Amino acid sequence: MPYRIVEVVQTPNPDALKFVLDASPAPDRPRSVRSRAEAADPLAGALMAIEGVSHVLIHDGWITVSRTPGTPWDALRRRVAEALAAAPGPA
């Protein structure tokens, strides 16, 4: 079951967006990932593989994606949505 973005929320950090999802990717184990090598699951790995993503916080019902400064949000948002749509659903 893939994830669908319900809402995208601005954060105080201009280089981070919060993606509210239709299901929880981390109901029992929120995690912070700063590199592809740290990604302990397919969802984190897929998000960190996106060019321009510098950090991912995966939590209960939402994900915050931080970009490398200067990376355009339009393309990045589209790639995040594609990665979420292709991801396995909650375990």
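The values are calculated or read from the model by the stated rules, or taken from the named source; none is laboratory data. Everything numeric in this text was worked out from a predicted model, so none of it was measured. Here the Cβ is made from the backbone with ideal geometry for all residues, glycine too, and neighbour counts use every protein chain on show. Note: accessible area is taken over every heavy atom of the protein model, side chains too, but ligands, DNA and RNA are not part of it. Shrake-Rupley method; radii C 1.70, N 1.55, O 1.52, S 1.80 Å.
One residue is enough: does region 56-77 have a residue meeting the conditions open to solvent by 40 Å² or more (accessible area, probe 1.4 Å), in a helix (DSSP H, G or I) and not aromatic (Phe, Trp, Tyr)?
Scanning region 56-77, I find at least one residue that is open to solvent by 40 Å² or more (accessible area, probe 1.4 Å), in a helix (DSSP H, G or I) and not aromatic (Phe, Trp, Tyr), so the answer is yes.
Please work out which one of (1) under 11 Å from the mean Cα position of the chain (by Cα); (2) loosely packed, with under 12 Cβ neighbours inside 10 Å; (3) of a type in the set (A, V, I, L, M) is the condition Leu84 fails and give its number.
Unmet for Leu84, out of (1) under 11 Å from the mean Cα position of the chain (by Cα); (2) loosely packed, with under 12 Cβ neighbours inside 10 Å; (3) of a type in the set (A, V, I, L, M): (2).
Filtering region 2-26 down to residues that are more than 17 Å from Arg67 (Cα to Cα) and touching a Pro at 6+ places or on another chain (Cβ under 7 Å), which residue is surrounded by the fewest Cβ atoms within 10 Å (Cβ to Cβ)?
That would be Ala23.
So, of the residues in region 9-30 that are in a strand (DSSP E or B) and over 11 Å from the mean Cα position of the chain (by Cα), which turns out to be farthest from Ala85 (Cα to Cα)?
Going through region 9-30, the residues in a strand (DSSP E or B) turn out to be 9-10, 16-21.
Filter again for over 11 Å from the mean Cα position of the chain (by Cα), leaving 9-10.
Details: Val9: 18, Gln10: 21 Å.
Ranking the candidates gives Gln10 first.
Looking at (1) surrounded by fewer than 19 Cβ atoms within 10 Å (Cβ to Cβ); (2) hydrophobic (A, V, I, L, M, F, W, C); (3) more than 14 Å from Ala81 (Cβ to Cβ), which is the one condition that is false for Val33?
(1)
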